[in-house]
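Some notes on the structure that comes next.
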Amino acid sequence: MIESVEKEPSSSELDLVNQASRGDLRAFGSLVANYQRAVFNIALYKSRNYFDAEDLTQDIFFAAFKALSTIKAPENFGSWLFGIAYNRCHKWYRRERTKILKIQEIRDRAEREDRSRHRPSALSAHQVPGSSGSGASGQSNPHLAETMRRLPKDVRETLTLKYLEGLSYQEIEVRLGINAHRIDYLIRKGKQMIRERMGLNSAGGAT
């Protein structure tokens with residue numbers, strides 16, 4: 001439970017707020033002592049981490065001190081402070097989430113590149129995707145590359161992501177914005193077009 005319920009301000013607290021708004025550090029220190037636990041609980045609830053909550057608490061009070069001269073209702077200091085606390089925590093969460101997503105994206109990209117380097121693909125092995133391999137072994141890379149280049153854009157992109165970059169259907173969905181059924185259709189269509197254009201026996205390329 002977040003302990004952020006504001007008490008009715010006493011006259012002494014109003015005095016502290018007024019003094020602190022004029023730059024009195026000792027008065028502000030007393031306000032910090034009064035509200036530190038409540039602000040820390042808000043930060044801990046949002047961050048789920050003790051050390052991040054400590055940093056957030058310091059950041060919240062620093063922001064409050066800088067903005068204190070603009071407070072319009074000193075008698076509502078608690079509500080004003082909690083508003084700053086929630087706002088700073090929300091900004092912190094968005095920053096952290098963005099960093100996590102970027103780190104995950106970099107990690108996923110590195111894993112895909114690693115798979116592409118170390119796992120032989122159907123295209124890089126001079127084989128047409130879905131073929132038995134025997135009918136394509138005599139075809140050269142330039143021939144296959146030219147055939148791929150002449151495929152419709154959506155077919156070519158899908159085959160490239162699947163067989164050269166080693167992406168899963170789910171990853172291709174995200175990259176191209178199409179569903180699994182469409183991906184499957186484009187892959188089958190691409191295999192058939194490559195077999196036909198390279199003069200392969202379609203019977204040997206059944207999937």
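The values are calculated or read from the model by the stated rules, or taken from the named source; none is laboratory data. Keep in mind that this is a model prediction, so the values were computed, not measured. Using ideal geometry, Cβ is built from the backbone for each residue, glycine included, and neighbour counts are taken over all protein chains shown.
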**Report entry** Test result for ASP59, of a type in the set (Asp, Glu), under 32 Å from the mean Cα position of the chain (by Cα) and at pLDDT 90 or above
**Finding:** yes
Query raised in the report: Across the stretch 73-109, what is the number of residues that are over 15 Å from SER47 (Cα atoms) and modelled with pLDDT of 90 or more?
Result: 12
Report task. Please give the number of the condition SER202 fails out of (1) of a type outside the set (Phe, Trp, Tyr); (2) surrounded by fewer than 16 Cβ atoms within 10 Å (Cβ to Cβ); (3) modelled with pLDDT of 80 or more. Result -> (3)
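Listed residues PRO142, PRO120, PRO129; which is out of contact with any Lys or Arg (no Cβ under 9 Å at 6 or more places or on another chain), outside any helix (DSSP H, G or I) and at pLDDT below 70?
Details: PRO142 fails: outside any helix (DSSP H, G or I); PRO129 fails: out of contact with any Lys or Arg (no Cβ under 9 Å at 6 or more places or on another chain).
Residue meeting the stated conditions: PRO120.
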Requested in this report: Kindly list the number of the only condition in (1) of a type outside the set (Ser, Thr, Tyr); (2) more than 18 Å from GLU75 (Cα to Cα); (3) more than 37 Å from the chain's Cα centre (by Cα) that fails for LYS46.
Outcome: (3)
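Go through the stretch 165-192 and count every residue that is assigned to a helix (DSSP H, G or I) and either on the phi > 0 side of the Ramachandran plot or touching a Pro at 6+ places or on another chain (Cβ under 8 Å) (or both).
Here is the first cut: in the stretch 165-192, the residues assigned to a helix (DSSP H, G or I) are 169-176, 180-192.
Narrowing the set further to residues that are either on the phi > 0 side of the Ramachandran plot or touching a Pro at 6+ places or on another chain (Cβ under 8 Å) (or both) leaves 187, 190-191.
Here the count works out to 3.
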Query raised in the report: Do you know which of the residues in the stretch 24-51 that are touching a residue at least 12 places away in the same chain (Cβ under 8 Å) and hydroxyl-bearing (Ser, Thr, Tyr) is farthest from ILE84 (Cα to Cα)?
Result: SER30
Report summary line: Residue count, the stretch 157-177, condition exposed (fewer than 15 other Cβ atoms within 10 Å of the Cβ), farther than 15 Å from THR147 by Cβ and out of contact with any Lys or Arg (no Cβ under 9 Å at 6 or more places or on another chain), comes to 4
